[in-house]
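In what follows, a single structure is set out as structure tokens and then discussed.
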Amino acid sequence: MTDFAATKALFSLPEGMIYLDGNSLGPLPRAAGARVAQCMQDEWGEMLITAWNRAGWMDQPARLGDRIGRLIGAGPGQVVLGDTLSIKVYQALAAALDLRPDRKVVLSDTGNFPSDLYMAQGLLGSLDRGHSLRCVPPEEIEAALTEEVAVLMLTQVDYRTGRMHDMDVLTEKAHSVGALVIWDLAHSAGALPIDLGGAGADFAVGCTYKFLNSGPGGPAFIYVAPALADAARPALSGWLGHAEPFAFDPDYRPAPAIARMRVGTPPILQMAALDASLDIWDQVDMQALRARSIALSEAFIAGVEARCPQLQLASPRDPHRRGAQVSFRFDEGYAAMQALIAAGVVGDFRAPDIMRFGITPLYTDMDDIEQAVERLADVMDKRLWDNPKFRTRAGVT
Ligand SMILES: *Cc1c(COP(=O)(O)O)cnc(C)c1O
């Protein structure tokens, strides 16, 4: 069993703040500051260029990838870190389309995160081979899986509502019509147990700065199924994905397996922060995490529905059909969230009317949930949101 009181003590959270936004930016692990400082001073400062070998910098994207692999049902050597999630989406989609050259449709859902759709639009435009991106409502995906589909590209957990696709069912259905599947785990990795190998997923991508707490700008990860890893053509053929980067061969030859999905120089300082965060994750049992996250989410929903009749649940009511976030609709959701943040409970807002709360057992306990409900009820009862200062939209919502 995981001791969640012990994991909570490993995070640095401002006194009095209840942080329900770890689905957007995870908090600072207490050990991360010293780890990054050590990497800067002892490695960068003292070893300089030799640290690529002596401090193991060059292998860090694979080493940390293996540790993330345990959390998502991937074996050693199947996950590598680097770049941002948008870039990893592009790489996965380019490789998948290449493996289905006779098909022209990329299928996704209308709830997908815009950057994933934008990257697909950009890639299809550059390919200029008559592909189209077809987006249907999430509940119509299964019916839309036809033999025209080259690639099914989905985000497992919807960033607005927390609605979760059934990875096993949709992967199997996609394979039955000959399509490949890319799962975006942005709101799944570190939020729930995932079994990419068991589901037979072809590609998966995700970020580390949300539930995995690597800090702003932390590198993304990519998984390629072992059966495809040596066949997948890397569209972003950077030197660190080359079979022999230090041969400085003018012609590209992909490295074996997942290493070919590396592109350029990895973010070493950011990976030092991720390394500290993964020390916490190494102790976490994902089934226990899921059970705790459901218990906390159910309590939050029950409390908010009892105390805030103005808010409407936007997430699926069945906990097994949602990820680790709970969302409510409210016309003045932006102002209400600003008022709630001013009261020390941090969630976020997604247009047009969604108030979003990440429920993360690693550092959120039942007292926090009760306090959050209390303060939200106060914001609603006293109409604290009805104040011009809470209506001015900042650049980042
Ligand atoms: C957070 C998120 C992104 C962000 O991509 P970056 O390139 O890391 O900024 C992309 N896709 C999904 C589904 C996300 O939730």
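Determine the distance separating the Cα centre of region 107-168 from the Cα centre of region 277-344; give it in Å without decimals.
25 Å
How far apart, in nm, are the 7 Å Cα→Cβ label points at Met47 and Asp3?
So the label points at Met47 and Asp3 sit 3.2 nm apart.
Between Val169 and Met366, what is 0.36 nm times their sequence separation minus the Cα-Cα distance? Round to one decimal in nm.
That pair, Val169 and Met366, stretches by 67.6 nm at full extension.
Using the basic label-point model (7 angstrom from Cα toward the beta carbon), what is the Asp249 to Val396 distance in nanometres?
4.1 nm
Using a cut-off of 15 Å between beta-carbons, work out the net charge of the residues near Glu147 (Lys and Arg +1, Asp and Glu -1, Glu147 not included).
After counting each charged neighbour, the total is +2.
Say R0 is 22 Å: what FRET efficiency, to the nearest 0.05, do Glu139 and Tyr118 get from their beta-carbon distance?
That pair, Glu139 with Tyr118, gives E of 0.40.
Can you find, among His320, Ala372, Ala191, the residue farthest towards the positive end of the dipole of the chain? Put +1 on the C-beta of Lys and Arg, -1 on that of Asp and Glu.
Comparing the listed Cα positions along the dipole, Ala372 ranks first.
Where does the chain land at 222 nm, in deg cm²/dmol rounded to the nearest 500, when only DSSP H runs of n ≥ 4 count, each adding -39500 (n - 2.57), divided by all residues?
Theoretical 222 nm ellipticity from helices: -10500 deg cm²/dmol.
Can you return the lysines within cross-link range of Lys104? Criterion is Cα-Cα under 23 Å, with same-chain partners fewer than 8 residues away left out.
Lys88, Lys173
Pulled fully out, how much extra length does the chain show between Gln38 and Ala231, if you take 0.36 nm times their separation in residues and subtract their Cα-Cα distance?
65.6 nm
Give me the net charge of Ala5's neighbourhood, meaning all other residues with Cβ under 13 Å from the Cβ of Ala5; Lys, Arg count +1, Asp, Glu -1.
Local charge sum for Ala5: -2.
Mind pulling the angle between the C-alpha long axis of helix 366-381 and the longest principal axis of the chain? Nearest 10 degrees, somewhere in 0 to 90.
60 degrees
Please build a GNM for the chain, connecting alpha carbons under 10 Å apart, and tell me which residue among Val379, Val106, Val205 fluctuates the most.
Result: Val379 has the largest fluctuation of those listed.
Given the protein chains as shown and a 1.4 Å probe, how many square angstrom of Tyr334 are accessible, to the nearest 10?
Per-residue accessible area (Tyr334): approximately 10 Å².
For the pair Asp66/Ala257, report the inter-label distance in nm, with labels modelled 7 Å from Cα in the Cβ direction.
Those two pseudo-labels are separated by 1.0 nm.
Under a 5 Å amide H to amide H cut-off, with H placed in plane at 1.01 Å, what residues pair with Leu152 once short-range neighbours are removed?
Amide H neighbours of Leu152, under 5 Å, 5+ apart: Leu107, Leu180, Val181, Ile182.
Need the full-extension length gain, Asp279 to Arg100, defined as separation in residues times 0.36 nm minus the C-alpha distance. One decimal, nm.
60.5 nm
Where does helix 268-281 land angle-wise versus the long Cα axis of the chain, in degrees 0 to 90, nearest 10?
For helix 268-281, the angle is close to 60 degrees.
To the nearest 10 Å², what's Ile87's accessible area with a 1.4 Å probe?
Accessible area, nearest 10 Å²: 60 Å².
Between rounded, prolate and oblate, where does the chain land on the alpha carbon gyration tensor, with a ≥ b ≥ c its root eigenvalues, rounded for a/c under 1.5, else prolate if a/b exceeds b/c?
Verdict is oblate for the chain.
Most fluctuating residue of Ala37, Ala273, Ala257 in a GNM of the chain with Cα springs under 10 Å: which is it?
Taking springs between Cα atoms under 10 Å, the residue moving most is Ala37.
The values are calculated or read from the model by the stated rules, or taken from the named source; none is laboratory data. Just so you know, these numbers come straight off a predicted model, no measurement behind them. Note: ideal-geometry Cβ built from the backbone for every residue, glycine included; neighbour counts use all protein chains shown. Just so you know, the surface numbers come from the protein's heavy atoms only, side chains and all, with ligands and any DNA or RNA stripped out. Shrake-Rupley method; radii C 1.70, N 1.55, O 1.52, S 1.80 Å.
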